[in-house]
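To start, the structure under review is shown below, and the notes come after it.
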Amino acid sequence: MRTLILLRHGESAWNARNLFTGWADVGLTPRGEEQARDSGRLLRAAGLLPAAAHTSVLTRAVRSATLALEAAGRSGIPLTRDWRLNERHYGALQGRDKSDVLREYGEERFRLWRRSYDAAPPPATGAAHAPATPPASAPGSGSADDPALPRTESLADVTARLLPYWHDHIAPGLRAGRTTLVVAHSNSLRALVAHLDGLDPKELLDLNIPTAMPLRYDLDEQLRPLVRGGRYLDPGAAAAAAAEVADEGHRSSRSTR
Ligand SMILES: O=C(O)[C@@H](CO)OP(=O)(O)O
């Protein structure tokens, strides 16, 4: 049996402010840092000791991975960063308040942009929407104006850039028997879960990944899940937190609630 642990980063500054984030490189809130440490403590308590870890190039994920591994007593293991694990590029929605977007475009469009397989938000235009720091290993020259950088992404686009990384860098370690931690984002993890569980687009609409809740997948030799959907280490807390994610846009930011 092979064990994979999926973990979304802790609460970011823009999660707390109810803003679409995507490739904007924002840090964790103090609460997000504590959530990341708590997730590491959960791993340790469950006896889940990763031998390898992968994360995106975005600060909120790298920092969460570092804090979780420290709290799990595993800070010495290799941590590999790659832009292919980044959050989906949210196009022109990046930096916008989710409640404002919901009001402006309506429930159906809002839901399809957030949770469908093939709808991409309108592309970002101009430097204002380009990532502040282009991910170092992203395609192209690394300049924020580089036409090779995405200006928006659907979940299908995320899946297409993520799966080569899964096949070439994560799956081989799992096959070699290494318990592996992947620390990523709401939508890059939705793409990975959809691949592992064989979700169809309708099932994907209802898939929400909560922040900092370790999700354990035990996999067979073909890397197929023994239990579809995996198992959250703290199922009750994860279900409540996933419901809050689903409800984003319908409530104001955490700091003003
Ligand atoms: O804004 C984003 O980049 C993501 C994660 O916060 O949002 P959502 O979960 O709505 O896809």
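The table that follows gives values for the structure above.
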quantity	calculated
Per residue solvent-accessible surface (Å²) - the chain, probe of 1.4 Å	42 Å²
Solvent-accessible area, 1.4 Å probe, carbon plus sulfur percent, for the range 2-256	51 percent
Percent of beta bridges antiparallel (DSSP, the chain, rounded to nearest 5)	45 percent
Cβ-placed point charges (K, R +1; D, E -1), dipole of the range 72-116 about Cα centre in debye, nearest 20	200 debye
Probe 1.4 Å - accessible area at His54, Å² to nearest ten	10 Å²
Solvent-accessible area of Met1 with every protein chain in place, 1.4 Å probe, in Å² to the nearest 10	140 Å²
Accessible-area ranking of Leu49, Leu162, largest first, probe 1.4 Å	Leu49, Leu162
GNM result for the chain, Cα springs below 10 Å: residue of Thr159, Thr59, Thr211 fluctuating most strongly	Thr59
Amide H contacts of Thr80 (H built 1.01 Å from N, under 5 Å, at least 5 apart or other chain)	Ala53, His54, Thr55
Cβ-based net charge around Ser186, under 13 Å, with every Lys or Arg adding one and every Asp or Glu removing one	+2
Within the chain, helix-based [θ] at 222 nm, where runs of 4 or more DSSP H residues each add -39,500 (n - 2.57), nearest 500	-10500 deg cm²/dmol
Helix runs (DSSP H) in the chain reaching 18 Å along axis by Cα, Kyte-Doolittle at least -0.5	59-72
Gaussian network model of the chain, springs between alpha carbon atoms under 10 Å - residue of Glu87, Glu11, Glu203 with greatest fluctuation	Glu203
Dipole magnitude (debye, nearest 20) for the chain, charges at Cβ of Lys, Arg, Asp, Glu	480 debye
The range 168-230: C-alpha gyration tensor shape, a/c 1.5 cut-off, then a/b vs b/c	prolate
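The values are calculated or read from the model by the stated rules, or taken from the named source; none is laboratory data. Note that this is a predicted model, so its numbers are computed, not measured. When we count neighbours, we look across all protein chains shown, and the Cβ atoms used for this are built from the backbone with ideal geometry, even at glycine. For accessibility, only protein heavy atoms count, side chains too; no ligands or nucleic acids. Shrake-Rupley method; radii C 1.70, N 1.55, O 1.52, S 1.80 Å.
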